[in-house]
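Notes for the one structure printed next.
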Amino acid sequence: MAGSYHYWNIRADLIGFHTHDYTQHFIKTVKRTTGFECRQNVIYTPNKLVKADAFPIGIDYDKFHSACLDKYVLAEKQKIKNFLSGQKLIFSIDRLDYSKGLLLRLKGFETFLEKFPKWHSKVVFNMVVIPSRDNIEKYKDMKKEIESTVGRINGKYSSLVWRPIIYQYKSLSFNELVALYDLSDVGLITPLRDGMNLVAKEYIACQIENKGVLILSEMAGAAAELNEALIINPADNSEMADSIYSALEMEPEEKHTRLERMQNRISSYNVFTWAYDFFNQTFDTREQQKSMDVKFINKPISSQIISDYQNAGRRILFLDYDGTLVPFAKFPELQLLIKIH
């Protein structure tokens, strides 16, 4: 495909990605497959320049943050408190998908229970899976495997008064979701690959009553912004277990410091800032295109120039000297020698 420019007539003026890595992968692909010149996130196509950049999408921070004090959310929080009876709450929510690392997350929690028996009966993992593609056979099989793993872990560790995993295969209302976000001591967000993962940002926005700790996969796009979270390899069961333990044992002052920094960041770059930034850069790109626009001399223009020249009473020709009549030289004397030669 290299050199086949007609296959790469890019219509877009601005191409946005969730992360810097995605942007660079795209630019390198364009450069290698087309030969277009690419500099500082700008692709110079034969007909115009195109900009590619990272725009990490935000959330409506104020909506989630203020909802924590809504009377309906407070009622949901009271139901959860009555159920927990003082136990620590670990929470995760994902749609049913291979990319979310659901089985690895369960194995990581199981490793935590094996390594830290002191937390038995003191912690509950509420794993919510939102129905998705459950009419596809492979997804049905994955759902069965998740349910089997949950049953095995609960069978191994539960007692008459404690069940370590609460598994819910359902969608949650907004009020239920915010209540769980706010009361969770640990947000366990560990996808194998995610473009951004807004759940992590929503969890941070809802930390008002209970200052929780976010455990986040290094493979989620949000990890680049939320680096005060405990960043882990989602495939490493032992690292996940140790991070859960660290989160539960973390001092309140450290929790507060981490949360404050992340909340300041996602509240200042929210979904509205993201949209403004995207449109603003689109307009800037269009202006940059106009500044580089050139008018090529076609046959009608060439004929008009010749006609005007022939019919003019007086003619003046303006010619450039350096680099046009003579090559560039460091000193004027050298230019003279080159001309004489």
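The values are calculated or read from the model by the stated rules, or taken from the named source; none is laboratory data. Computed from a predicted model, the values in this text were never measured in an experiment. Note that we place each Cβ from the backbone using ideal geometry, even for glycine, and neighbour counts take in every protein chain shown.
Looking at I165, I208, I153, can you tell me which residue is surrounded by fewer than 22 Cβ atoms within 10 Å (Cβ to Cβ) and touching a Cys at 6+ places or on another chain (Cβ under 9 Å)?
I208
Is region 254-265 home to any residue that is touching a Phe, Trp or Tyr at 6+ places or on another chain (Cβ under 9 Å), at pLDDT 75 or above and not aliphatic (A, V, I, L, M)?
Checked against the condition, which is being touching a Phe, Trp or Tyr at 6+ places or on another chain (Cβ under 9 Å), at pLDDT 75 or above and not aliphatic (A, V, I, L, M), region 254-265 yields at least one hit.
So that you can scan it fast, the table gives a plain yes or no per residue for (1) at positive phi; (2) at pLDDT below 95; (3) under 19 Å from the mean Cα position of the chain (by Cα):
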site	(1), (2), (3)
K211	no, yes, no
L216	no, no, yes
A220	no, yes, yes
I232	no, no, yes
A247	no, no, no
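Go through region 36-84 and give me each residue that's exposed (fewer than 14 other Cβ atoms within 10 Å of the Cβ), of a type outside the set (D, E) and not assigned by TED's automatic domain parsing to the domain that holds K201.
If the condition is that a residue be exposed (fewer than 14 other Cβ atoms within 10 Å of the Cβ), of a type outside the set (D, E) and not assigned by TED's automatic domain parsing to the domain that holds K201, then R39, Q40, Y44, P46, N47 are the ones that fit.
Out of D242, D308, D284, D277, which single residue is among the acidic types (D, E), outside any loop (DSSP other than H, G, I, E, B) and at pLDDT 95 or above?
Only one candidate passes the filter, namely D242.
Tell me, which residue of region 31-90 that is under 23 Å from the mean Cα position of the chain (by Cα) and of a type in the set (F, W, Y) is nearest to D293 (Cα to Cα)?
Among those that are under 23 Å from the mean Cα position of the chain (by Cα) and of a type in the set (F, W, Y), it is F55.
Could you list, in sequence order, the residues of region 171-218 that are acidic (D, E) and part of a loop (DSSP other than H, G, I, E, B)? Spell out how you get there, then give the answer.
If we filter region 171-218 for residues that are acidic (D, E), which is where we start, we get 176, 182, 185, 194, 202, 209, 218.
Answer for region 171-218, where residues must be acidic (D, E) and part of a loop (DSSP other than H, G, I, E, B): D185, E209, E218.
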